[in-house]
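Undergrad: This is the structure I have questions about; it appears just below.
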Amino acid sequence: MTYTITPNAEYGSLEVRFSSMPTPAVRSALKNLRFRWHGVNRYWYGKADENALRETLDRLIDRASRIASANRSRKPAPAPEAAPASIAEEVMQAIEPALAELENAVRSETERTIAEYRETPAAEETPAFPKREDLKALSFTYRIGNSAGQACFTPELIENAPASTLKVIYPMIDGIENADERKRAWFFLTALAWYKAAENPEKRSAYRTAADLYRQKTGEAFPAPETEGETKPASPKTVTAACKRIVKNAPTGWEGLIDGGDGIYVSDTCRIVCLKTCSPDLAAVKTDAAERLRGFIASAESENHGRSLPLPTVRELKAWIKCQPKRKYLTYEIDGILVNAHYLLDMLEALPGCSACISETPKLSSPILFISGEDRGILMQCRPDTATAAA
């Protein structure tokens, strides 16, 4: 096996090409030097000292050549001489009764073991959920269509893949011949989509597509673990801080914090929060506006809220907002409904553990109703033209 090293002046790197597939030791050495495989141009590339690289490759290739030469020069062991046919027949006749007795004993033991196994309920086995860093080494080879060619799958192909791309990638995994490897590929790829959705809620549709395909291919539901921190209850300080942000956003002359007698009302013309079980540490005033806000909430509850909306967790929404620091106005889509991301975050923190719903056929003026025990909240939708301008 020979190789060539070509400097790449544009990227300041080295390109290594081999005349044949390098040995596992050579590939491992290249990975340790942080070289990567270019699947299209068929070469290894990376940044390293050229002399040190040559010295390493020469040493490993020379060692592999010496081992191969030693194996070729090694003489095969002589085959044992066959016993005379007459002696072999005599031996078989002598041991035939013992073999028959042994066969009957093995058969009866096997039947007993099978009967015990069928009577014992099978324990459910849940595959170990991989860590995020373990997926970096993920690589599978699959066959493309009916052609003889093969391609190598790597996590980079799915890292930012939309749902439509996943629908194309997953059927290609059917080309993996081993059934266990096929299932393992689907499991790891779905796990990768789960991690991407946990980091960025915008990837939720891609994860749902991956989980549906996993169920179709394996006949099992994808065993996604619970997201850490989702069940942690919000503290009174968090509720108070969220209410302060809502009041701060209220226009001049608008009473944003009102004591309605039956609860505290917090509003900024785009949102209304009615807290009956948790009072924020703020000074509320009694005005006639409480009756009007109470009427808005009653009107929203009287509508046919037959459509439940899947809310993100506070952790997911904060991560999504953090990924887009340069955008002043963030619109977040909940099952096709556009809302202000910052306003939604305030609602989730002011009404911990809440659920959301909207009318079955919502209009742009239809409010989103938030329910958390006896507490209620209303959030208005964003206009599509505002969302386009914000993007």
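Undergrad: Looking only at the range 245-263, filter to residues that are part of a loop (DSSP other than H, G, I, E, B) and among the hydrophobic types (A, V, I, L, M, F, W, C); which one of those is modelled with the highest pLDDT?
TA: Looking at the filtered set, the residue picked out is A250.
Undergrad: Being modelled with pLDDT of 85 or more and surrounded by fewer than 17 Cβ atoms within 10 Å (Cβ to Cβ) is the requirement here; does I371 meet it?
TA: yes
Undergrad: Let me ask you something else. Go through (1) at pLDDT 65 or above; (2) part of a helix (DSSP H, G or I) for E202 and report which single condition fails.
TA: Condition (1) is where E202 drops out.
Undergrad: Output yes when any residue across the range 312-333 is among the basic types (K, R), loosely packed, with under 11 Cβ neighbours inside 10 Å and either modelled with pLDDT of 75 or more or closer than 21 Å to K196 by Cα (or both), and no when none is.
TA: If we filter the range 312-333 for residues that are among the basic types (K, R), which is where we start, we get 315, 318, 322, 326-328.
Imposing the further condition that a residue be loosely packed, with under 11 Cβ neighbours inside 10 Å reduces the set to 322, 326, 328.
When the remaining residues are screened for being either modelled with pLDDT of 75 or more or closer than 21 Å to K196 by Cα (or both), the result is 322.
Taking every residue of the range 312-333 in turn, at least one turns out to be among the basic types (K, R), loosely packed, with under 11 Cβ neighbours inside 10 Å and either modelled with pLDDT of 75 or more or closer than 21 Å to K196 by Cα (or both).
Undergrad: Among the residues of the range 341-364, what is the count of those that are without any contact (Cβ under 8 Å) to a residue 60 or more places away in the chain, among the hydroxyl-bearing types (S, T, Y) and in contact with a Lys or Arg (Cβ under 9 Å, 6 or more places away or on another chain)?
TA: 2
Undergrad: Determine whether T231 is hydroxyl-bearing (S, T, Y), within 17 Å of K318 (Cα to Cα) and modelled with pLDDT of 80 or more.
TA: No; evaluated as a whole, the condition is false for this residue.
Undergrad: If you go through the range 264-292, how many residues are of a type in the set (D, E) and either at pLDDT 80 or above or assigned to a strand (DSSP E or B) (or both)?
TA: The number of residues fulfilling the criteria is 2.
Undergrad: Look at the range 1-18 and say how many of its residues are modelled with pLDDT under 90 and basic (K, R).
TA: 0
Undergrad: Looking at A70, A64, which is the one that is outside any loop (DSSP other than H, G, I, E, B), under 44 Å from the mean Cα position of the chain (by Cα), at pLDDT 75 or above and closer than 30 Å to F18 by Cβ?
TA: A64
The values are calculated or read from the model by the stated rules, or taken from the named source; none is laboratory data. Just so you know, these numbers come straight off a predicted model, no measurement behind them. Here Cβ is always computed from backbone atoms with ideal geometry, including for glycine, and neighbour counts include all displayed protein chains.
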